[in-house]
Amino acid sequence: MKIYLKHILLILLMPFFYSAMAQESRFLIANLYDGQSVAYTEILDTFRDRNPGYDFHYFSSVSSIKPEKYDRILFLQQGEGSAVITNVSGDIIESPLTFGDVIVLRKGEHIETDVPLGFLAFSVPDTPPADLPSFIRPDWDSYITDVPGGCATEIDAYRRILLTWSKDVGEYIFHSLNAHRVRIRDSFSHYHPKDIGFDEFYLVQMTEPGAKILISENVDLIKEPENVSAEQAANLIREYELHEGDLVYIPRGVMHRGVGGVLAQVITVPGFIPGSEIGLDHLIRKINERLVLEFEHSLPFNYEFSTEPVIR
C-alpha cells in the first residue's frame, strides 16, 4: 500500500515538478526582427543570469559599431555589403560581407560598413586568439568545408564549422563561444548536461515550410522510460514553428531536435565541449514501444539514432 500511495502522490505532484523544471530551464524564442520585444528581453535577462561575463545585443540596421572595452563575436543576420575594421593602432582590415558571415571584433576595434546591416553581437569574457581572423566567411573560406555530424548527419549535409573547440574539428579555435552554420532537416534528439554542457542558440537564417524545433524540458523523465505513463507521454515533447529571424534559446538540460529544413547559426556558450551531446532517441523509442504509442499518439524520434545510446 505504501508503494501505491507514493505513486499516486507522484502523479498528483508531477505538474508542479514540470512547472518548476520549465521555469529553471527557460526555453525561449524571440524574433529579432520584432525589435526589443518582451521575449527578446526575457532571453537576454535569462542568458545573462546563467552565463556571467557574457552578453548580447542585436543591431538591426547599422553602418557602424563603436569600440568597446570587451571582445565581441558578430553574426551577420541581415544584408550584405563590405566592411572595414579599424583597430586600436589605426590599422584597417577590409572584407566583403554576405549573409551568414562572422566577425571577430576585438577590444577597442570598431567596424564600418558601406550599407546598413543587421548583426547579432555576443560579448565574450575571453580574448580571441591572435591567429583568429577578423572575418570568418563560411561560404568563402577554403579552410571551411562541409563536415556532416551533429544536427546534420547526411552525407551531403551543409554544416560549416566556424568557431570550434579543437583542431580535430575545425581550423578556428575559441573556447568562449563556438558556432557552426548548418542546414537542419532531421537532427537527432539530444541535450547538453547542466554540469558539463553549454547553453545553445539557434539563430535562424532561412526556413522551409514545416521547419520546427521539438523540445522537452523533462529530460529526467525521458531517461527513465519504464516510469513514464501514457498521460505523461502526451505532454513530454512540444514543438514550435521556426521562422527567419528567430533567436531560439536552448539552456543546458533541455532536449531539442530540429526538423523540416532550417538554416541556422548554431551558437554555443561556452564552446562545444566534447562528450556533452547526449542522445535520447533510443529512450523515446522505448517509451513508444512500452506504452504501444502509435500514429498520432507516438512520440517523435529519429529512427537512425534510436538503436543505441549516442554520446558526442
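The values are calculated or read from the model by the stated rules, or taken from the named source; none is laboratory data. For clarity, every value in this text was computed on a predicted model and none was experimentally measured. Backbone-built Cβ (ideal geometry, glycine too); neighbour counts: all protein chains shown.
Things worth noting here:
- Count of region 159-179 residues which are of a type in the set (F, W, Y) and in contact (Cβ under 8 Å) with a residue 60 or more places away in the chain: 2
- Beta carbons closer than 6 Å, at least 6 apart along the sequence or on distinct chains, pair a first residue in region 240-268 that is touching a residue at least 60 places away in the same chain (Cβ under 8 Å) and within 21 Å of S37 (Cα to Cα) with a second that is assigned to a strand (DSSP E or B) and acidic (D, E) for I250/E200; P251/D199.
- Among (1) within 18 Å of I103 (Cα to Cα); (2) crowded, with 21+ Cβ neighbours inside 10 Å; (3) at pLDDT below 95; (4) not small (G, A, S), the one test that W165 misses: (2)
- From L293, L280, residue being over 15 Å from D199 (Cα atoms) and in contact with a strand residue (DSSP E or B) (Cβ under 7 Å, 6 or more places away or on another chain): L280
- Meeting the requirement of 1 or more residues that are small (G, A, S), in contact with a helix residue (DSSP H, G or I) (Cβ under 8 Å, 6 or more places away or on another chain) and surrounded by fewer than 20 Cβ atoms within 10 Å (Cβ to Cβ), the strands (runs of 3 or more DSSP E) wholly within region 21-128 are 55-65, 110-124.
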